[in-house]
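Scroll down for the structure; my scribbles are underneath it.
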Amino acid sequence: MELLKVENLCKVYGKGENEVKAVDGVSFSVPKGQMVAIVGASGSGKSTLLHMIGAVDRPTSGKIYLDGQDVFQQNNRELAIFRRRQVGLIYQFYNLIPVLTAEENITLPLLMDGRKPDREHLEKILDMLGLKERKDHLPSQMSGGQQQRVSIGRAIFSSPQVILADEPTGNLDSKNSAEIMELFRRSNKELKQTIIIITHDENIAEQCDRILVLSDGKIISDEANAAAEEADRNEI
Amino acid sequence: MKYENLLASRYIKAQKRQSVFTCVSIIAAVAVMTMIFVLYSVSMDCLENTCYSRAPYHLTVTGLTEQQGEAICSTDHIKRGKLERTPDNTVTAYILFGSDMGDREIWIQKALQNVGAEHLFYDLPKKYEWNNTLMNLDGIGDGAQLFRLRIFCIFFIFAILIAFALRMIIDTAFEVSSKERERHYGVLQSIGATPEQIVRIITYEGFRLCVIAIPFGLFAGICFAYLMYHVMVASGISELFQGMSNAKLALPFSVDPKMLLVAAVVGIVWVFLSAYGVGMRIIKKTPMEAINARANNVEKIKKRTLSGLLFGVSGSIASRNARREKKRFAITVLTLTVSITMFALFSSLTETAERSINGYIKAEVYEFNEEAADIDFELEIGNPQKGISYAEAVKAIQDSGLFENIAVDTFESFHSTENKGNIYARYVNREAYTQLFGRNAAVSYDELVSTGGYVYNINCKDYEQNAEQLQRGSLPVFSICMHLREDADTENMDYIDLLKYAEYEEKEQTLNILGSVSMKNEYDLLIGAIETHEKIGAEWFGMSFGTANAKFCFAGSSAEDYQYNAADYKKAKDWFEAHSEFDFVRMLNPDEPENNYGDFYGIKWKTHSILATVRAGVLMLNLLLALAALINLLNIISTGIANRRSELASLQCVGMTDRQLDRMAIIECLQFAGAAAIISAVICAVIIFGAESVLNTIIRDSFVDESEGTKKMLMNLVRIDHITPFMRVGFSALAAFAAGCITSLVMLRTQNRDSLTDQIRGSEMKLDTEKSHILRNSILAAAGAFILAIAGLRIYSVAAYHRDRNEYAKAGYLNLVDANGFKMNVYSTGAEHGKHTIVGLAGQASYAFPVETTKLNELLGKENTLVYPDCAGYGFSGDSLKPQTVEQIVEDYRAGLKNAGFEAPYVLMPHSIADLYALYWSMQYPDEVEAIIILDGTIPPKSELWQTYTAEEAFPSDEAAQAAMHKLVLRTWLGLNRLFPDKSEGGATQGAALFTDEQLRLSKLCNNRFWTAAFSSQILLEKQEVTHMGEILCPTDTPKLYFSTLYTCEEDVRAAIERMKADFEAEGKEFNSDPETAARAEWKQVEWEIEQAKSEENDFAEKIGNYRLEYVAGDHGIFYAQKPEQIASSILDFLAETTE
Ligand SMILES: Nc1ncnc2c1ncn2[C@@H]1O[C@H](COP(=O)(O)OP(=O)(O)OP(=O)(O)O)[C@@H](O)[C@H]1O
Ligand SMILES: [Mg+2]
């Protein structure tokens, strides 16, 4: 059963001479509960693709379906609600609100939804991310890795169906990245969350169910990861 | 709502500097709005009040009988009527309408018909007159609503224009502060904020700022408005009301809450619109676009720029910065341009307006003659009926020493023997001749005098007909001569009668022509010397019916340099008034000298005052706009630098020096200022030259018939100064540049205090972790300051009052006892247990009555006890909030006297209006009143139609009177009357010379608390109480002595004027009238009124019964201090006789 379906997706920046085809006719689909890694050289269009899946950017052409619904058919308001409830996006450059503390940044989407954040859940996540001591700090008072962890917390806090992570461990040491990957894998298993991770780290790609390779905006390889399936089976 | 609140407050706190700028922008905008709205209502109030004070009625009807007058005053729609007797034994009705009466002509016709005076409707000259200005202002009568609407529309259009300019200020502030945050809004959207939520966050922030900014804005606006009002009043408007008794009350400063509401609402709406606009712009983008679109996207890059060429690397970076913030750049330059242009143009334009008005007056009088001296007055002089020739009048003008350059001319008409056409000859004196033709006329004035000849005007249209004869040097004419018959009694004849009594005769003459002149716009064919007219006048005309015209100006002072002199002006007016009695001179409209066309000085002065006011207003407005522009500029520059903090740090990291950085900043400022300067200069040039050429074309086209010289003259009048505006542009651009540079450099210095890595890393937003409550604290601070100020003032006023009271007590005047709910001061003097207890009751506003009566007290006190109870709110008695009816006041007096230990019976000695209290007292408690001595009492009129009361005199409505009273009481309550004493009262204190310094000091102490609640209640109830007393008065047996200060002969008037003069001189003020002439004029005017008043006094005395009337030559207010001996001996005699 496929949850996410991308059809012939294109994104073109600029015009004429300056035209850049960041994403060029990409099609693939992801079943519910799969963990996908996207790899590729710098500038190959990974982030652009992820942003369109997360509905924060509009494709030049092509379609994206989530749960069978055409994402960009929705109006702005519905899109906002979609972003709020269906996906959690972790940005390459964090994109935190500088005037809010770590805790406030993490709970913000829920507050905007008019819900009250569950304190216990919050404590748990802060604990998992190792941010307990930093929860009342502003982004500008934190290191790059800490900021990255806050942005991860914000994405996973409301346990959305899909998590889109753009180099979530780019600024983390190996111990921390292992922990984060562990976190992703656990929620992938327990909550049947679909997770798409962009990474340059082969280790991380190896832990995913499937690896997509992008080059110049095109998918050049798409294969299931035997090693990961093996590991899963072993775990069971 | 919680997280919106959270975000908004965090942003406000994190971006303190920007929040402050935004706040200040809102404050400035709201302040300007408030100022404009408040000034609108103030000026409408002032206009209405001044119109009212000038002529407090909508309609006057003359020639009525008493019954008709009373009847017409009770017609529908009339709010208030006043009747006045005139010397010819008719009655004039002054009517104020309360509601619209529809078609006014129909109304008056019906009304007159109903009272049986329909003929007045048709009589000519008209027997009724509408006061259009006041009617329009009050919205009464045809088209009045339209008039108000029109004024309001004009104001509204103006206000809207200003409002849009202000909108720009607020908009810029929002634009600037939201640019940087666009990214954050993108992030918010990307994590699921709906567009509505984004807009809500932004507007919420706007409203939070509003809560702080709008009250301050309103307050600042009121302050500005007051300042401007003050400047305007000081700059000349008040001079226009010279001599108006209630100038201060007529030009009130009041704040209309409705106007404040409008200003606040406009402010809120503008903030909302600006915030909403920003929000709408952001949500049009996808989140990623918003996130990536930093404040500064360079779309295309020009490799070579002008400033790059001029200033190297720093220059090219600076110009790239300007390009990437195009909108910001444009807004800054626009606001700067607007304020620079306004500053540069307005003052020049008002100067031009004044010059052209002055020039116009000159042109009207002197036919555009450049050499003509400026003139101040034009009068008709001489009076043939009374045998006063203009020569005598000229001599009188000269002898006054007030005037110089007296140009005289008079006319005579002849008939041509050839064609029977009219020939006009004009006779001028030397001054007028010089003014007309300059000193180098072809024929000298002396020649005209010695030969008795004439020059002819080749520009006159009659010239053609007589050309041939004129060239020959002599012109045969005949004139119609009149001889008055012997039996004519010229004293009481008007012009028409004189004509009837004249005998006519045709006489032939030959006029001697000496040469020609060229005069524009003149119809006189011949010009002769005035001596010729004098010589031939008697011979030819038997007696001249023509008067002469005199044009002249002030001696020594010229209005040319706009130095208007109130003292000179008053002297001149007094002189005219005095002499018009003898018909030396005649102003065309003596009732309203300022509307008199002969009073050019007045017109010029008035124009000057109005323009000065306009200029002051424009300057204020300009100042505010400049302030707003400056705020914008500083905001933009400092935000520009703060936003590029990390960028600038990067530049420094790769080796840019501080100097290069500074240079870059300075070049940026130069771009702003330079662009603004160039655009302003262009606009100024377009406006100046455009306006000039349009005016010139108009002049050329519409004065086709005029000569070139005239046209040149006219163009000269509308010429606008070409250089000053551009200098102003340069100067203000320079100032803006300097301000910008200082801000940039200061910003750069403060930023460089942090290390470079800090600068690169942290965005500008820094948040103190500790919570602060800017909003709450600032509101608390403002409220606290307000309360403290009020409390401080009140404490001051109470302390000052107590200090005064202690002084008064030291002098032995204080004896406080309980009266009905307040402490009454009951001062007593004279014999301990005298024969009589004489109780002095003060008249209206006579706060220091016991001090002023000192001399009288000494004379009366040898055998009698004198007691002076001060009623509530007077002297040092406590104030009372009870309505001060006659009954209340009498009860208070009785209680006070009893508590002070003075037992009835009393001899009451009321002054002025207090006679009503005394009479009421004796009617209610006959046993308590032994006798009444009335010191020039107030006489209740037979109905309210026959008298004007204090409150009515000054205020269009009861509400206005009440409001003004409240304000005055509040002023006293807060002690503001002590801190800012009112200097507008021009006259001298009456009778200052009569009192010792100590007495003056004491009476000043009493008057320091002038305006109390009880006193204001007295004023407001005056009409009701006096009318009521008039109804219930009845004769009593109590013996009464009535002192009246009515004039009995001209000598009394002269003495009164002499006293006034003495008062003025005692205070070092100048007194300009000559008592002798003034008295003669005054007596003539009031003689019949006094007859009237005397008969009223007699009627009144009759009505109260058992009286004795005595005349004392003195002034109503203080005659008891002027003639104490006479009064005391009469009183003693009277008491001895009546109480045996
Ligand atoms: N806003 C933009 N305007 C123009 N071009 C853009 C824009 N955003 C991205 N690009 C271009 O699109 C291409 C893909 O960019 P993208 O950010 O998706 O790369 P990436 O694969 O994520 O690289 P990296 O691994 O370095 O993050 C790049 O060549 C980039 O130059
Ligand atoms: Mg990327």
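The values are calculated or read from the model by the stated rules, or taken from the named source; none is laboratory data. Worth saying up front: this structure is predicted, and the values here are computed from it rather than measured. Ideal geometry is used to build each Cβ from the backbone, glycine not excepted, and the neighbour counts take in all protein chains shown.
Which of the residues belonging to region A:48-73 are part of a helix (DSSP H, G or I) and either within 9 Å of ligand 1 (Cβ to nearest atom) or among the acidic types (Asp, Glu) (or both)?
Step one: of region A:48-73, the residues part of a helix (DSSP H, G or I) are A:48-53, A:71-73.
Result: A:48, A:49, A:50, A:51.
Output the residue which, of all residues in region A:9-47 that are hydroxyl-bearing (Ser, Thr, Tyr) and within 18 Å of residue A:66 (Cα to Cα), is farthest from ligand 1 (Cβ to nearest atom). Can you show your working first?
Step one: filter region A:9-47 for residues hydroxyl-bearing (Ser, Thr, Tyr), giving A:13, A:27, A:29, A:42, A:44, A:47.
Filter once more, so that each one left must be within 18 Å of residue A:66 (Cα to Cα): A:27, A:29.
On the way: A:27: 17, A:29: 21 Å.
This residue is A:29.
If you take the residues in region A:13-48 that are within 14 Å of chain B (Cβ to nearest Cβ) and touching a Ser or Thr at 6+ places or on another chain (Cβ under 8 Å), which one is nearest to ligand 2 (Cβ to nearest atom)?
By that ranking, first place goes to A:22.
Tell me the residue from B:749, B:761 that is surrounded by fewer than 18 Cβ atoms within 10 Å (Cβ to Cβ) and modelled with pLDDT of 75 or more, please. Working first, answer last.
Values: B:761 fails: modelled with pLDDT of 75 or more.
Going through B:749, B:761 in turn, the sole match is B:749.
Within region B:827-842, which residues are assigned to a strand (DSSP E or B) and not aromatic (Phe, Trp, Tyr)?
Initial filter on region B:827-842 (assigned to a strand (DSSP E or B)): B:827-830, B:837-841.
Hits for region B:827-842 are B:828, B:829, B:830, B:837, B:838, B:839, B:840, B:841.
For region A:150-181, which positions are touching a residue at least 40 places away in the same chain (Cβ under 8 Å) and within 16 Å of ligand 1 (Cβ to nearest atom)?
A:151, A:164, A:165, A:166, A:167, A:168, A:170, listed by residue number.
Do the conditions hold for residue A:183, that is, is it away from chain B (no Cβ under 14 Å) and away from ligand 2 (no atom under 16 Å from the Cβ)? Step through it out loud before you land on a result.
On the way: away from chain B (no Cβ under 14 Å): yes; away from ligand 2 (no atom under 16 Å from the Cβ): yes.
Judged against the criteria, residue A:183 is a match.
Output the residue which, of all residues in region B:199-210 that are aliphatic (A, V, I, L, M) and either surrounded by 24 or more Cβ atoms within 10 Å (Cβ to Cβ) or without any contact (Cβ under 8 Å) to a residue 12 or more places away in the chain (or both), is farthest from the other protein chains (Cβ to nearest Cβ). Give the steps one after another, and end with the answer.
Just the residues of region B:199-210 that are aliphatic (A, V, I, L, M), to begin with: B:199, B:201-202, B:209.
Narrowing the set further to residues that are either surrounded by 24 or more Cβ atoms within 10 Å (Cβ to Cβ) or without any contact (Cβ under 8 Å) to a residue 12 or more places away in the chain (or both) leaves B:201-202, B:209.
Details: B:201: 10, B:202: 14, B:209: 16 Å.
Filtering first and then ranking leaves B:209.
I'd like to check something: does region A:146-165 contain any residue that is in contact with a helix residue (DSSP H, G or I) (Cβ under 8 Å, 6 or more places away or on another chain), on the phi > 0 side of the Ramachandran plot and small (Gly, Ala, Ser)?
Checking region A:146-165: at least one residue is in contact with a helix residue (DSSP H, G or I) (Cβ under 8 Å, 6 or more places away or on another chain), on the phi > 0 side of the Ramachandran plot and small (Gly, Ala, Ser).
Given the conditions (1) of a type outside the set (Ser, Thr, Tyr); (2) closer than 18 Å to residue A:151 by Cα; (3) surrounded by fewer than 24 Cβ atoms within 10 Å (Cβ to Cβ); (4) facing chain B (nearest Cβ under 7 Å), and given that residue A:99 satisfies all but one, which numbered condition is not satisfied?
Only one criterion in (1) of a type outside the set (Ser, Thr, Tyr); (2) closer than 18 Å to residue A:151 by Cα; (3) surrounded by fewer than 24 Cβ atoms within 10 Å (Cβ to Cβ); (4) facing chain B (nearest Cβ under 7 Å) is unmet by residue A:99, namely (3).
Filter the helices (runs of 4 or more DSSP H) completely within region B:91-188 down to those with at least 2 residues that are surrounded by fewer than 14 Cβ atoms within 10 Å (Cβ to Cβ). Step through it out loud before you land on a result.
Numbers: elements: B:104-114, B:119-122, B:132-138, B:144-179.
Counting at least 2 such residues, we get B:104-114, B:119-122, B:144-179.
Would a scan of region A:131-139 turn up a residue that is under 21 Å from residue A:187 (Cβ atoms), within 13 Å of chain B (Cβ to nearest Cβ) and of a type outside the set (Asp, Glu)? Show your work before the answer.
Just the residues of region A:131-139 that are under 21 Å from residue A:187 (Cβ atoms), to begin with: A:131-132, A:135.
Next, from what is left, pick out any that are within 13 Å of chain B (Cβ to nearest Cβ): A:135.
Those still in the list that are of a type outside the set (Asp, Glu) too: A:135.
Yes - at least one qualifying residue is present in region A:131-139.
Within the set of pairs 6 or more residues apart or between chains, which connect a residue that is more than 8 Å from every other protein chain (Cβ to nearest Cβ) inside region B:180-198 to a residue that is outside any helix (DSSP H, G or I) with Cβ atoms less than 6 Å apart?
These pairs meet every condition: B:180/B:295.
Pull up region B:437-462, narrow it to residues that are assigned to a helix (DSSP H, G or I) and either touching a strand residue (DSSP E or B) at 6+ places or on another chain (Cβ under 7 Å) or among the charged types (D, E, K, R) (or both), then point me to the one that is surrounded by the most Cβ atoms within 10 Å (Cβ to Cβ).
Among those residues, the one meeting the criterion is B:448.
Exactly one condition in (1) at pLDDT 90 or above; (2) closer than 21 Å to residue B:1116 by Cβ is not met by residue B:895; state its number.
Of (1) at pLDDT 90 or above; (2) closer than 21 Å to residue B:1116 by Cβ, only one is false for residue B:895: (2).
Matching residues to (1) within 16 Å of ligand 2 (Cβ to nearest atom); (2) charged (D, E, K, R); (3) touching a strand residue (DSSP E or B) at 6+ places or on another chain (Cβ under 9 Å); (4) over 17 Å from residue A:106 (Cβ atoms):
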| residue | (1), (2), (3), (4) |
| --- | --- |
| A:161 | no, no, yes, yes |
| A:166 | yes, yes, yes, yes |
| A:177 | no, no, no, yes |
| A:187 | no, no, yes, no |
| A:190 | no, yes, no, yes |
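Please specify each residue of region B:144-200 satisfying the condition of being within 48 Å of the chain's Cα centre (by Cα) and among the polar types (S, T, N, Q).
Once the filter is applied, which keeps residues that are within 48 Å of the chain's Cα centre (by Cα) and among the polar types (S, T, N, Q), region B:144-200 yields B:145, B:172, B:177, B:178.
Give A:53, A:64 a once-over and let me know the one that is away from chain B (no Cβ under 13 Å) and not basic (Lys, Arg).
Numbers: A:53 fails: away from chain B (no Cβ under 13 Å).
The match here is A:64.
Any idea which of (1) more than 9 Å from chain B (Cβ to nearest Cβ); (2) away from ligand 2 (no atom under 16 Å from the Cβ); (3) under 21 Å from residue A:140 (Cβ atoms) is the one residue A:121 doesn't satisfy?
(3) is the only condition that residue A:121 fails.
When region B:3-15 is examined, which residues are found to be facing chain A (nearest Cβ under 7 Å) and not aliphatic (A, V, I, L, M)?
B:3, B:10, B:11
This table checks each residue for (1) assigned by TED's automatic domain parsing to the domain that holds residue B:884; (2) in a loop (DSSP other than H, G, I, E, B); (3) without any contact (Cβ under 8 Å) to a residue 24 or more places away in the chain.
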residue: B:781; (1), (2), (3): no, no, yes
residue: B:784; (1), (2), (3): no, no, yes
residue: B:788; (1), (2), (3): no, no, yes
residue: B:800; (1), (2), (3): yes, no, no
residue: B:808; (1), (2), (3): yes, no, no
residue: B:812; (1), (2), (3): yes, yes, yes
residue: B:821; (1), (2), (3): yes, yes, no
residue: B:825; (1), (2), (3): yes, no, no
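Under the condition of being facing chain B (nearest Cβ under 8 Å) and in contact with a Gly (Cβ under 9 Å, 6 or more places away or on another chain), which residue from region A:83-96 is farthest from ligand 1 (Cβ to nearest atom)?
Across region A:83-96, the extreme among qualifying residues is A:85.
For residue B:878, indicate whether it is without any contact (Cβ under 8 Å) to a residue 24 or more places away in the chain and out of contact with any helix residue (DSSP H, G or I) (no Cβ under 6 Å at 6 or more places or on another chain). Write out each step before concluding.
On the way: without any contact (Cβ under 8 Å) to a residue 24 or more places away in the chain: no; out of contact with any helix residue (DSSP H, G or I) (no Cβ under 6 Å at 6 or more places or on another chain): yes.
The answer is no for residue B:878.
What is the one condition in (1) part of a helix (DSSP H, G or I); (2) at pLDDT 75 or above that residue B:722 does not satisfy?
So residue B:722 meets the others, but not (1).
Got a sec? Which of A:68, A:54 is away from ligand 2 (no atom under 16 Å from the Cβ), closer than 29 Å to residue A:207 by Cα and modelled with pLDDT under 90? It would help to see each step written out before you state the result.
Values: A:54 fails: away from ligand 2 (no atom under 16 Å from the Cβ).
After applying the criteria, what remains is A:68.
When region B:893-921 is examined, which residues are found to be surrounded by fewer than 19 Cβ atoms within 10 Å (Cβ to Cβ) and in a loop (DSSP other than H, G, I, E, B)? Walk me through how you get there before you give the answer.
First pass over region B:893-921, keeping only residues surrounded by fewer than 19 Cβ atoms within 10 Å (Cβ to Cβ): B:895, B:898-899, B:901-905.
B:901, B:902, B:903, B:904, B:905, listed by residue number.
Where in region B:1039-1140 are there helices (runs of 4 or more DSSP H), lying fully within it, with 2 or more residues that are surrounded by fewer than 16 Cβ atoms within 10 Å (Cβ to Cβ) and at pLDDT below 90? Don't jump to the end; show me each part of the working.
Numbers: elements: B:1050-1066, B:1075-1104, B:1119-1122, B:1124-1138.
Filter on region B:1039-1140 gives B:1050-1066, B:1075-1104.
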